[in-house]
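The structure appears below as structure tokens.
Computed from the coordinates by the stated procedures, all read-outs in this text should not be read as laboratory data. Everything numeric here is computed off the predicted structure, so don't read it as measured data. Note that each Cβ is placed from the backbone with ideal geometry, even for glycine, and that neighbours are counted across all protein chains shown.
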Amino acid sequence: MFKIGFVNRIVSYFPALKSELRIAHLPYTPTQYVSKNLKTTALYSFLFTALFFFVLQKAKLSFLLLIPIFAILCILIFEYSLIRVKAKIRQREREINKEVLFVGRYLLVKLYSGRPLLNALIETAGGRGIAAKYIKEIVDDIDTGNTIEEALNNAMIYSPSDKLRRVLFHVNNALQLGIDVTKPLESVLEEITREEEIEIKKYGKKLNTLVIFYMLAAVILPSLGVAMFIVVSSFINFPIDLKGLLIFVFFIVTLQFIFITLFKSVRPMVNL
């Protein structure tokens with residue numbers, strides 16, 4: 001549907017897309033991803049433009065406005081497809097950050113028990129969770145013929161998590177310097193632990209503020225507002241119909257959903 005030259009020209013405007021797709025673990029090349037999303041963009045833009053056709057017809061406006069509307073929709077929908085890649089990276093980062101301490105400590109225990117680094121990585125890769133799967137990718141990279149240093153370096157480049165990247169950096173750096181891996185690994189794990197403790201304290205302070213706003217906006221104001229409205233409406237003889245009640249319920253449900261989403265978004269993904 002789209003010519004390769006046109007797709008490649010669009011890809012050239014997004015040089016970071018190749019690495020972002022690999023970090024997000026999406027099984028596409030930049031050309032495949034852009035081509036796929038251009039088709040989706042064209043379809044949805046056409047459908048939304050068709051809806052605007054009836055809006056313009058109802059408002060008795062010029063149909064020439066459909067041209068800029070279609071162009072704007074194409075840009076917005078295509079930009080959304082690129083944002084989804086960053087959202088996937090962010091999701092993987094949060095999932096790995098939640099498990100990085102457990103995986104790091106497990107690896108440290110194996111090293112302290114006398115296991116060679118490669119054997120410790122293999123045993124760590126056998127665990128559950130996304131961080132263990134990421135370690136398995138390092139082991140698979142070694143199995144293809146790369147050295148441990150090369151595999152760790154590749155993992156650092158394409159790691160969505162800064163915390164995991166720091167763990168791998170200290171392990172790789174110790175290997176290159178020819179020193180014991182356990183001391184640098186233990187040091188970086190203690191540093192990450194302190195950072196996560198600080199994140200939890202900050203979250204507690206944010207949570208206190210959000211709870212106050214929640215109590216005011218989602219509990220006190222709606223309940224007092226309804227009570228006052230009922231009292232006032234009884235004096236001025238203002239009827240309360242089912243439609244108005246449903247609008248109010250919808251507003252409350254929407255407000256509750258916004259606060260639940262907000263609480264989840266500020267929660268740090270840590271697991272001490």
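Things to note:
- Dimensionless Rg over Rh [the stretch 1-114; C-alpha; Kirkwood]: 1.24
- Most mobile listed residue (M228, M215, M156) in the chain, GNM with C-alpha springs under 10 Å: M228
- At an R0 of 22 angstrom, the distance between the Cβ atoms of E195 and E150 translates into a FRET efficiency of 0.20.
- For the chain, the 222 nm mean residue ellipticity estimated from helices alone, with every DSSP H stretch of n ≥ 4 adding -39500 (n - 2.57) and the total spread over all residues, rounds to -27500 deg cm²/dmol.
- Cα-based convex hull volume of the stretch 158-272 per residue, rounded to whole Å³: 103 Å³
- Acute angle (nearest 10 degrees) that the helix 162-177 long axis makes with the longest principal axis of the chain, alpha-carbon atoms: 10 degrees
- The stretch 94-192: C-alpha gyration tensor shape, a/c 1.5 cut-off, then a/b vs b/c: rounded
- Placing dummy labels 7 Å off each Cα toward the beta-carbon, the span from K18 to S223 is 6.0 nm.
- Among the listed pairs K201/K264; K18/K133; K36/K264; K133/K202, those beyond 23 Å (Cα-Cα): K36/K264; K133/K202
- Computed from label points 7 Å out along Cα-Cβ, the spacing between L216 and Y44 is 3.6 nm.
- The chain - percent relative contact order, Cα under 8 Å, separation 6 or more: 17 percent
- Loop sites by DSSP among the trypsin sites (Lys or Arg not before Pro) of the chain, restricted to those with at most 13 other Cβ atoms within 10 angstrom, leave 129-272 as the longest stretch without any of them.
- Angle in degrees between helix 130-143 and the longest Cα principal axis of the chain, rounded to the nearest 10: 40 degrees
- P(r) tail fraction, the chain - alpha-carbon pairs more than 28 Å apart, %: 61 percent
- Modelled FRET efficiency - R0 25 Å, N8 with E79, Cβ distances, 0.05 increments: 0.85
- Cα gyration tensor shape for the stretch 198-266, rounded if a/c is under 1.5, else prolate or oblate: oblate
- The stretch 4-91, relative contact order in percent, only Cα pairs under 8 angstrom and at least six apart counted: 33 percent
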